[in-house]
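Notes follow once the structure below has been shown.
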Amino acid sequence: MKMRYFLIFFLITLSSPLALLAQNEPKEVWEPQVAGRFYPGNETVLRDQINNFFKTIPKLFMNGRLVALISPHAGYQYSGQVAAYGYHALKDSNFTRVIILSPNHFRSGKRFRGASILNVKNFKTPLGIIPVDQEACNQLLDHAQGTTVNSSKKSTPLFGVYEGAYQGEHSLETQLPFLQMSLGSFHLVPLMIGILIDDDFDRIADAIRPLLDEKTLLVVSSDFTHYGDGYNYVPFRKDIEKNITALDHGAFEKIRARDFEGLKQYRKETGINACGLMPILLLLKLLPDNVTGEILNYDTSGRQSNNFSYSVSYASIIFTKPAETKSGFILPKEEMRQAAHLFLTTEEKAVLLSLARNTLKTYTETGDSPKLDRMSSQLTQKLKEQYGVFVTLKKYGSLRGCIGHLIPKVPLFQGVIENTINSSARDVRFSPVEAKEVTDITIEISVLSKPRRIPEPDRFIVGKEGILIRKGPCSAVFLPQVAEEQGWDRDETLCHLCQKAGLSRDAWKEEGMEFYVFTADVFREGVKL
């Protein structure tokens, strides 16, 4: 028998470690532990549920190659839609191996130090069998000979085989059906993460890093804030939803910045009880320097139930590396954004719409911009970055004003304030909006990618892209939704655009015309975000 399967784990009571002996021969199949409870146990019902989650998600244009994601692990009725955002981004990818870093909730086993690799050949879900990458697991177990923790009596490895960590545990298993639906076939490297201290993170990361190639995806399983007396975490009792959101986004900013020490310090300062904190910290050690983190979706069980006496937070976060050209050169971040669709989270969209509504009300009543004191904590890093943005006002469905910045000039949140005021008071096509009209007006916001020049108008994708034309001193722009709302095809759109620019209808066919296209994240009041 191979001695690697006799590895030992620490109990969290580090002064008196307990030996947990592994089985010598791997089991053929690890049966589902939470099917029928955390997600449907019936194959057809499970497929339908995940497909329904996917159907509500717009296509995501990523700024590079996906390398990792953080996904929630509550029951699908609570966190499934949020998780679907990350897994929907995996579709059409070529990953053949997935390493999952999951926390152990200690329901069936004892608290341990290090990482547990389950000694099985296959995992099973209602959707079928997932083979375990035995070679990769053995490589980690072999590496454990050199990743040991010294004590006064013996040396304890940081990788081992402890079945108790997986018994009744849901954090890893809830990720599997989504992976099966997104990737089809793949090999799994299951890592249940226990307590890590001191240089454990570096040692375990050093062991995992050689496995990370372009066909290997890293998945971290974690929920975020667990608020309420039942979780022994009640840092505030007023403005609960607002404060939970601020608390979570504080952690998100540390994660997106790959700030390992900052996240540890944030945990000390706030007590935030994300159950996957250890796997997340380990992920920060594994991510390359040139990755970009994006929050695809965020929600809370408190919002879903409209009851914040107890609430758990869920987020879907992806990490991408810059794409490479055929020549092998990495595209600069700004150049990549020229063709990329800006993807805001539901929470970020809600913040911008609330900001625009408050601006419209305040300006029409007082002539001043609103104060941001109450909303400053909700301004995420993305909302502070510069993007082009248009604000459109409609009254009873008819245009009442529309002005914006095509080229990024100011932080996004500031652009929303300025263009809400401009659209309501400085659109020369309309008289200024009066305070008595405000309740009859619906606000629409379009956040733009950076325009990119196209050599000919045939490259313009109607309904998907906005377009700017320019000839000499004359120019005009249509947002992506304009052609679709008017029912125009490409030629009709270009003719109307030329008229808007003060040119002849067919000027777009003439030499000297410049064409620029861009994408937009468009959202409005009264429509589910």
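The values are calculated or read from the model by the stated rules, or taken from the named source; none is laboratory data. On a predicted model such as this, the values are computed, not experimentally measured, just so you know. Counting neighbours? That spans all protein chains shown, and the Cβs are built from the backbone with ideal geometry, glycine included. Heads up: the accessible areas ignore ligands, DNA and RNA and are worked out on the full protein's heavy atoms, side chains in. Shrake-Rupley method; radii C 1.70, N 1.55, O 1.52, S 1.80 Å.
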Next item on the list: May I ask you to derive the FRET efficiency for residue 524 and residue 25 from their Cβ-Cβ distance with R0 = 51 Å, giving the value to the nearest 0.05?
Entry: 0.30
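Here are some pairs, 124/254; 238/268; 238/349; which of them have Cα atoms lying more than 28 Å apart in this structure?
Those over the limit are 124/254.
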Item checked: Linear extension gain, residue 461 paired with residue 206, 0.36 nm per residue minus alpha-carbon span -> 87.2 nm
Notebook entry, point to check: When the helix-only estimate is applied to the chain (DSSP H runs of n ≥ 4, each -39,500 (n - 2.57), divided by the residue count), what is the mean residue ellipticity at 222 nm, nearest 500 deg cm²/dmol?
Noted result: -9000 deg cm²/dmol
Check: So, in region 358-473, how many Lys pairs have Cα atoms under 18 Å apart, if the pair is 8 or more places apart or on different chains?
Finding: 13
Notebook entry, point to check: Are there chymotrypsin sites (Phe, Trp or Tyr not before Pro) in region 394-472 that DSSP puts in a loop and that have at most 15 other Cβ atoms within 10 Å, and which ones?
Noted result: 396
Note to self: With angles folded into 0 to 90 degrees, how steeply does helix 346-366 sit against the dominant principal axis of the chain? Use alpha carbons for both and round to 10.
What the structure shows: 40 degrees
Check: So which GluC sites (Glu not before Pro) in region 420-489 end up in coil per DSSP with only 15 or fewer other C-beta atoms within 10 Å?
Finding: 434
Notebook entry, point to check: Can you run phi through the Karplus equation (6.51, -1.76, 1.60; θ = phi - 60°) for region 299-315 and list ³J(HN,Hα) in whole Hz, with x for Gly and Pro?
Noted result: 7, 9, 5, x, 5, 5, 8, 6, 8, 9, 5, 9, 7, 10, 9, 10, 9
Next item on the list: Could I have the simple spin-label model distance between residue 398 and residue 134, label points 7 Å from Cα toward Cβ, reported in nm to one decimal?
Entry: 7.4 nm
Check: Could you give the nm distance between label points at residue 51 and residue 429, where each point is 7 Å from its Cα heading toward the beta carbon?
Finding: 4.2 nm
Note to self: Need one value: the accessible area of residue 440 in square angstrom, 1.4 angstrom probe, rounded to the nearest 10.
What the structure shows: 50 Å²
Notebook entry, point to check: With every protein chain kept in the model, how would you rank 198, 248 by accessible area, 1.4 Å probe, largest at the top?
Noted result: 198, 248
Note to self: How would region 370-481 be classified by its alpha-carbon gyration tensor: rounded, prolate or oblate, with rounded meaning a/c under 1.5 and the a/b versus b/c comparison settling the rest?
What the structure shows: oblate
Next item on the list: Determine the relative contact order of the chain: mean sequence separation of Cα pairs under 8 Å and six or more apart, normalised by residue count, in whole percent.
Entry: 14 percent
Check: Helix 76-88 sits at what angle to the longest principal axis of the chain, using alpha carbons and giving 0 to 90 degrees rounded to 10?
Finding: 70 degrees
Margin query: Rounding to the nearest 10 and keeping the result within 0 to 90°, find how far the Cα-based axis of helix 260-270 lies from the longest principal axis of the chain.
Written below: 90 degrees
Margin query: Explain nothing, just compute: Karplus ³J(HN,Hα) = 6.51 cos²θ - 1.76 cosθ + 1.60, θ = phi - 60°, for every residue of region 466-472 in order, whole Hz, x for Gly and Pro.
Written below: x, 9, 10, 10, 8, 9, x
Note to self: With every protein chain left in place and a probe of 1.4 Å, what is the accessible surface of residue 249, to the nearest 10 Å²?
What the structure shows: 10 Å²
Next item on the list: Sort 121, 509 from largest to smallest accessible area, using a 1.4 Å probe on the heavy atoms of the protein chains.
Entry: 509, 121
Next item on the list: Pick out, from 425, 404, 439, the residue whose Cα sits farthest towards the positive end of the charge dipole of region 389-440, with +1 on the Cβ of Lys and Arg and -1 on the Cβ of Asp and Glu.
Entry: 404
Check: How large is the charge dipole for the chain, taken about the Cα centre, if only the Cβ atoms of Lys, Arg (+1) and Asp, Glu (-1) carry charge, to the nearest 20 debye?
Finding: 520 debye
Checklist line | From phi via Karplus (6.51, -1.76, 1.60), per-residue ³J(HN,Hα) for region 158-164 in Hz, x at Gly/Pro | finding: 8, 10, x, 10, 9, 5, x
Check: Using modelled amide H (1.01 Å from N, peptide plane; none on Pro or chain starts), what sits under 5 Å from the amide H of residue 166, excluding residues fewer than 5 places away?
Finding: none
Note to self: Placing one identical point scatterer on every Cα of the chain and ignoring solvent, what is log10 I(q)/I(0) from the Debye formula at q = 0.08 Å⁻¹?
What the structure shows: -0.59
Check: Around residue 132, which amide H atoms from residues at least 5 apart in sequence, or from another chain, sit under 5 Å from its own amide H, with H modelled in the peptide plane?
Finding: 122, 123, 188
Next item on the list: Whenever you get a sec, line up 385, 28 from highest to lowest accessible area (probe 1.4 Å, protein heavy atoms).
Entry: 28, 385
Checklist line | Exposure of residue 267 as accessible area (Å², to 10), given a probe of 1.4 Å and all protein chains | finding: 90 Å²
Notebook entry, point to check: Exactly which trypsin sites (Lys or Arg not before Pro) in region 149-238 are in a DSSP loop and have at most 10 other Cβ atoms within 10 Å?
Noted result: 153, 237, 238
